[in-house]
Amino acid sequence: MNKLHFFILLPLFLFVFSACGDDDDNGTPTGTLEIFFEPIYGEDRGLISPTTNFSYASGNDIRVIRSDMYLGNISLGTASATTVLSEIEYVSLGEPKMDESTGLTDKFLVLNNVPAGSYSFFEFGIGVPPELNSKTPSDFSSSHPLARGGNYWDAWDSYIFAKLEGRLDVNDDGLFSQNFIYHSGQDELYRILRANIPLTISEGGTTRLKIVIDHEKLLINEDGEFVDIEETPIDHSAGDLALVRFIADNYGRAFSLELLSQ
Amino acid sequence: MNFRFGLVFLFLVMLFIYACKDEVMNEGDLSFIPFDPVEYKLEIPEGWPQMEIPEDNPLTYEGVQLGRRLFFDPILSLDNTISCATCHVPEKGFSDNNPIAVGIGGALGTRKTMSLINVGFNQNGLLWDGAVMTLEEQSLHPIEDPVEMNLPLEEAIQRLRDHEDYSVRFRKAFGIGNVDEINKDLLAKALAQFQRIIIAGGESQFEKVMRGELSFTDEQLNGWEMFTDANRLVVDAECAHCHIRPLFNINEYINNGITPVERLFDHPDPGRGAVTGRERDYGKFRTVTLINWELRKNFMHDGRFETMEDVVNHYNSGGHRPTNPDEDNVDLLIYPLNMDEFELHDLMEFLRMLTDTTFLSNPDLQNPFL
């Protein structure tokens with residue numbers, strides 16, 4: 001299976017033609033896009049879990065317990081137009097379960113009413129796009145993903161875009177006594193990822209994608225620099241975004257895409 | 001009395017009974033009563049989320065008033081002694097002071113009575129463990145529960161059908177044509193409508209500060225900044241992660257480390273684990289609102305902390321974490337906060353701003369039988 005990498009897109013060059021809202025009832029043939037997530041850690045692609053150890057760059061063992069994020073403007077596009085399939089989704093990737101027979105996890109999104117056709121790229125943002133981030137949970141009725149009060153941070157005037165939490169075995173005694181909690185937010189940390197991938201949605205059919213997220217690559221950049229978890233175990237306050245910016249800048253390397261079937 | 005006469009008499013009696021029954025059925029007709037429900041407008045405080053109301057149960061004045069009567073009426077309990085309001089007492093923030101709920105005949109339940117303040121905003125399951133999803137569904141459970149009201153639903157429905165005032169009210173609320181259309185769905189709908197109007201908090205000191213009508217004292221501001229981790233220079237109390245404004249609740253299932261167990265399966269009440277069947281959900285319970293906590297006592301699902309000071313001391317201590325990390329599902333935000341007595345004082349000063357008793361003078365929330 002071909003593995004594609006994402007590149008981070010500068011929002012400046014984006015021209016988005018929103019197609020959501022103008023529904024199926026105008027007779028456009030549609031299909032379904034299923035997106036499966038595989039939250040892993042490291043080369044061996046082990047699934048993250050609160051009871052599975054991986055080795056961290058500091059030399060200690062690490063466990064990734066929570067990995068939540070908003071995905072904004074999930075889109076398919078061609079050279080001439082971008083179709084937004086969903087403006088906002090919230091995914092919680094912690095404690096995934098793999099179905100051994102299908103090789104797929106229980107973490108997935110199903111997007112219906114996707115206009116049938118051939119596309120040349122798949123794209124989404126990590127976080128809440130600025131036009132939605134200017135709103136607050138009270139602008140939504142209570143079951144909307146953006147009504148989740150626990151994901152809005154007053155002190156930032158922003159939604160919490162992504163939460164990465166886990167434990168580090170700082171004393172190498174198996175007790176994992178160092179917790180880490182990294183929450184990102186604010187417009188400047190919104191990142192758009194695009195993968196150039198030829199993809200077809202056929203009428204009444206289902207196209208399946210898999211997004212693999214390597215959590216090791218979130219914490220370590222391409223130069224081998226890594227987050228000093230012991231030094232900064234918690235980062236979620238206003239005014240200091242350096243650490244969460246480091247993580248956000250690693251998204252492009254940490255996320256990869258596979259086309260499973262179409 | 002000879003035998004033949006007896007038979008004729010019996011025949012006449014039966015005819016009479018039959019005729020009477022027929023007449024009762026005619027009496028069950030409600031269609032002559034006007035059905036003209038008026039929309040009930042919810043007053044949701046500024047800056048709060050919109051409440052989702054099921055399309056098949058819009059709020060009407062008549063529905064809410066019917067629900068209100070039912071909520072306060074012991075007719076829904078086996079021996080006519082207990083109503084919803086026996087446990088969900090308005091003056092106690094629609095909860096009660098017992099650590100564990102006490103039902104019919106003094107029967108002890110298993111958990112603390114939940115506050116129904118702002119319950120209509122909960123969209124992620126109800127009860128401490130999320131075992132039921134909608135207010136309509138939850139409204140019927142306590143009636144049948146042997147340790148709550150212990151009345152079979154058929155019996156409850158029969159009582160309402162036999163009750164002239166309720167029959168009329170069901171007609172006015174739902175447009176039924178005959179008493180025998182009163183059923184459990186309509187009972188649930190009426191109770192749910194009433195519970196959706198239980199809204200409080202908009203007139204708390206805190207909301208007044210948010211609207212610019214009041215300002216924080218220095219201590220309150222310090223407490224608020226600790227509560228929300230808003231200031232690098234003050235201690236983080238982390239509360240807002242799980243109890244965020246305006247509802248001071250995120251409605252998620254979390255283990256906040258109150259129960260000292262070494263293994264997940266040792267949790268005396270599995271909580272969310274019993275609903276999902278997943279070991280890692282053992283000991284997780286739903287976060288709840290902090291609004292009007294001052295009207296309540298005995299906090300958490302098992303009522304273990306009598307006062308808010310006890311609660312805050314728990315969080316400050318970092319709670320209980322199993323030694324073996326494999327058995328540990330306590331949220332990572334539960335860790336020793338190391339607040340000193342001045343910081344604890346300021347946090348309490350902030351928490352006291354969350355009281356709003358104006359709902360007690362809302363006539364629609366008062367006991368109609370008083």
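Values in this text are rule-based calculations from the coordinates and carry no lab data. The model shown is predicted, which means the values in this text are computed figures rather than measured ones. Here the Cβ positions follow ideal geometry from the backbone for every residue, glycine too, while neighbour counts run over all protein chains shown.
Okay, here's what the table says:
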{"quantity": "Neighbour-count ranking [beta-carbon atoms within 10 angstrom, fewest first] of A:HIS215, B:HIS314, B:HIS163", "calculated": "B:HIS163, B:HIS314, A:HIS215"}
{"quantity": "Segment A:115-262: radius of gyration and largest Cα-Cα distance (Dmax), Å", "calculated": "18.1, 56"}
{"quantity": "17 Å Cα-Cα reach of A:LYS210 towards lysines, excluding residues that sit fewer than 8 places from it in its own chain", "calculated": "A:LYS3, A:LYS97, A:LYS107"}
{"quantity": "Sequence-distant lysines (8 or more away, or on other chains) whose Cα lies within less than 23 Å of B:LYS184", "calculated": "B:LYS172"}
{"quantity": "Segment A:4-261: relative contact order as a whole-number percent, Cα under 8 Å and 6+ apart", "calculated": "27"}
{"quantity": "Chain A: most fluctuating residue of A:ASP139, A:ASP228, A:ASP187 per GNM, C-alpha cutoff 10 Å", "calculated": "A:ASP139"}
{"quantity": "Loop-located trypsin sites (Lys or Arg not before Pro) in segment A:132-219, at most 15 other Cβ atoms within 10 Å (DSSP)", "calculated": "A:LYS135"}
{"quantity": "Over segment B:18-167, equivalent-ellipsoid semi-axes from the Cα gyration tensor in Å", "calculated": "29, 23, 13"}
{"quantity": "Sparse-neighbour loop sites [trypsin sites (Lys or Arg not before Pro); segment B:183-253; at most 15 other C-beta within 10 Å; DSSP]", "calculated": "B:ARG211, B:ARG232"}
{"quantity": "Chain B: angle of helix B:341-351 to the longest principal axis, Cα-based, in degrees nearest 10", "calculated": "30"}
{"quantity": "Under DSSP loop assignment and at most 14 Cβ neighbours within 10 Å, longest chymotrypsin sites (Phe, Trp or Tyr not before Pro)-free interval of chain B", "calculated": "B:36-368"}
{"quantity": "Net lengthening on full extension, A:PHE226/A:ASP157 (0.36 nm per residue, minus Cα-Cα)", "calculated": "22.0 nm"}
{"quantity": "Chain B: translational diffusion in µm²/s, Stokes-Einstein, Kirkwood Rh over Cα pairs, 4 °C, 1.567 mPa s", "calculated": "56"}
{"quantity": "Net charge, A:SER142 excluded, C-beta distance under 13 Å - Lys, Arg +1, Asp, Glu -1", "calculated": "0"}
{"quantity": "Over segment B:112-242: Kirkwood hydrodynamic radius from C-alpha pairwise inverse distances, Å", "calculated": "18.3"}
{"quantity": "Relative contact order (%) - criterion: Cα under 8 Å, at least six apart; region: chain B", "calculated": "20"}
{"quantity": "Alpha-carbon centroid distance for the pair segment B:143-220 / segment B:317-370, whole angstrom", "calculated": "26"}
{"quantity": "Relative intensity, log₁₀ I(q)/I(0), of the protein assembly as shown from a Debye sum that treats every alpha carbon as a point, q = 0.09 Å⁻¹", "calculated": "-0.84"}
{"quantity": "Total formal charge among the other residues, if their Cβ is under 11 angstrom from that of B:ARG211, Lys/Arg +1 and Asp/Glu -1", "calculated": "-3"}
{"quantity": "Two-decimal log10 I(q)/I(0) for chain A, as the Debye equation yields it once each C-alpha is a single scatterer, q = 0.07, 0.13, 0.16 Å⁻¹", "calculated": "-0.25, -0.86, -1.27"}
{"quantity": "Centre separation in Å (Cα based) which lies between segment B:236-250 and segment B:28-63", "calculated": "31"}
{"quantity": "FRET efficiency for B:MET133 and A:VAL170, using Cβ-Cβ distance with R0 set to 56 Å, rounded to 0.05", "calculated": "0.85"}
{"quantity": "Cα centroid of segment A:189-232 to Cα centroid of segment B:258-310, whole Å", "calculated": "36"}
{"quantity": "Largest-first principal axis extents of the Cα set of segment B:253-370 (Å)", "calculated": "53, 40, 18"}
{"quantity": "Per-q log10 I(q)/I(0), segment B:118-171, q = 0.21, 0.28, 0.30 Å⁻¹ (Debye; single scatterer per alpha-carbon; no solvent)", "calculated": "-0.87, -1.02, -1.07"}
{"quantity": "Total charge dipole magnitude, chain B, about the Cα centre, Cβ charges on Lys, Arg, Asp, Glu only, Debye to nearest 20", "calculated": "880"}
{"quantity": "Number of partner chain Cβ atoms within 10 Å, mean per residue of A:171-181", "calculated": "3"}
{"quantity": "Charge dipole of segment B:61-199 about the Cα centre (unit charges at C-beta), most positive-ward option of B:GLY106, B:GLY177, B:PHE72", "calculated": "B:PHE72"}
{"quantity": "Once exposed loop GluC sites (Glu not before Pro) are cut out (DSSP; at most 10 other Cβ, 10 Å), longest piece of chain A", "calculated": "A:101-221"}
{"quantity": "Convex hull volume of segment B:149-198 per residue (C-alpha atoms, cubic angstrom)", "calculated": "83"}
